Amino acid sequence: ADFMQAHPGLTMRMSSSAEPADLLKDVALDVDIAYGAPPSRNGVAVEPLGDESIVPLVAPRLLGDAPARAPRDVLRHTLIESKLNPVHWSDWCRLNGVRLPDRARPSFDRGSLAVAAAVDGLGVALESTRFAQAELARGDLVVVEGDAFRHVVRPMHFLCYRRADANEDRIVALRQWLGAQLAASDAPARPKRKAA
């Protein structure tokens, strides 16, 4: 809404897909905000939108009276996978010095579904705090953390646009607005604990 108010002459048409858009083929699209892994295509600029903390997220009621004090405590819960997230539970377990349990894990093709499943109490999702910012702010989810926990920190969202359009007013306006938004909300991208 802030962007549209600041730029009333620009029409926003938004679309969602599990796969990055092909900006070279679909000229009706100006930009793509890719999640997970940035597309690599000649003629397409890819700008990371800052580092994010990828952490275990859980509904508070699921923890109950038994908070997770160490990484192994997280593993007593169902672990929720997101197929598009390049950071997997095996990565988190390796970083935290624990062994990934050999049991079924529900898997979703979108991070938003993994986050929604965690909100519903299905288990613990491994996701970016920026991606789950609204759920964290409402208290629907909490970060499972403590002094013993290490978080994965890396870029997870990428602004993509055709290099030939880099100086177009609409592209410049969106890039500047996103930069200002990221600077104003610096907290979600910063880890609170040890990072790797």
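The values are calculated or read from the model by the stated rules, or taken from the named source; none is laboratory data. Quick caveat: nothing in here was measured; it's all calculated off a predicted structure. Cβ sites come from the backbone with ideal geometry, for glycine too, and all protein chains shown count toward neighbours. Areas reflect the complete protein model, heavy atoms only, side chains present, ligands, DNA and RNA absent. Shrake-Rupley method; radii C 1.70, N 1.55, O 1.52, S 1.80 Å.
Mind checking which residues of the range 35-67 are farther than 17 Å from Glu127 by Cα and in a loop (DSSP other than H, G, I, E, B)?
Scanning the range 35-67 gives Pro39, Ser40, Arg41, Asn42, Gly43, Gly64, Asp65, Ala66, Pro67.
Which one is surrounded by the most Cβ atoms within 10 Å (Cβ to Cβ), of the residues in the range 137-148 that are at pLDDT 90 or above and touching a helix residue (DSSP H, G or I) at 6+ places or on another chain (Cβ under 8 Å)?
Leu141
Within the group Val153, Val172, which residue is β-branched (Val, Ile, Thr) and buried (at least 17 other Cβ atoms within 10 Å of the Cβ)?
Val153
Select from the range 58-91 the residues that are within 14 Å of Gly146 (Cα to Cα), surrounded by 20 or more Cβ atoms within 10 Å (Cβ to Cβ) and modelled with pLDDT under 90 and list them in ascending order.
Ala68
Residue by residue through the range 89-105, note down the ones that are basic (Lys, Arg) and in a loop (DSSP other than H, G, I, E, B).
Arg99, Arg103, Arg105
Against the condition part of a loop (DSSP other than H, G, I, E, B) and more than 26 Å from Pro38 (Cβ to Cβ), how does Pro86 come out, does it pass?
no
Select from the range 106-134 the residues that are assigned to a loop (DSSP other than H, G, I, E, B) and of a type in the set (Ser, Thr, Tyr) and list them in ascending order.
Within the range 106-134, just Thr129 meets the criteria.
Return yes when Ala114 is in contact with a Cys (Cβ under 9 Å, 6 or more places away or on another chain) and open to solvent by less than 20 Å² (accessible area, probe 1.4 Å) and no when it is not.
Values: in contact with a Cys (Cβ under 9 Å, 6 or more places away or on another chain): no; open to solvent by less than 20 Å² (accessible area, probe 1.4 Å): yes.
Here the answer is no, as Ala114 does not meet what is asked.
Where residues in the range 11-57 are farther than 29 Å from Ile80 by Cβ, modelled with pLDDT under 90 and in contact with a Phe, Trp or Tyr (Cβ under 8 Å, 6 or more places away or on another chain), which of them is surrounded by the most Cβ atoms within 10 Å (Cβ to Cβ)?
Leu23
Does Arg13 meet the test of being more than 21 Å from Trp177 (Cα to Cα) and of a type in the set (D, E, K, R)?
no
Would the range 77-85 turn up any residue that is closer than 25 Å to Leu174 by Cβ and under 18 Å from the mean Cα position of the chain (by Cα)?
Scanning the range 77-85 turns up at least one residue that is closer than 25 Å to Leu174 by Cβ and under 18 Å from the mean Cα position of the chain (by Cα).
Can you give me the number of residues within the range 55-88 that are of a type in the set (Gly, Ala, Ser) and touching a residue at least 40 places away in the same chain (Cβ under 8 Å)?
Qualifying residue count for the region: 4.
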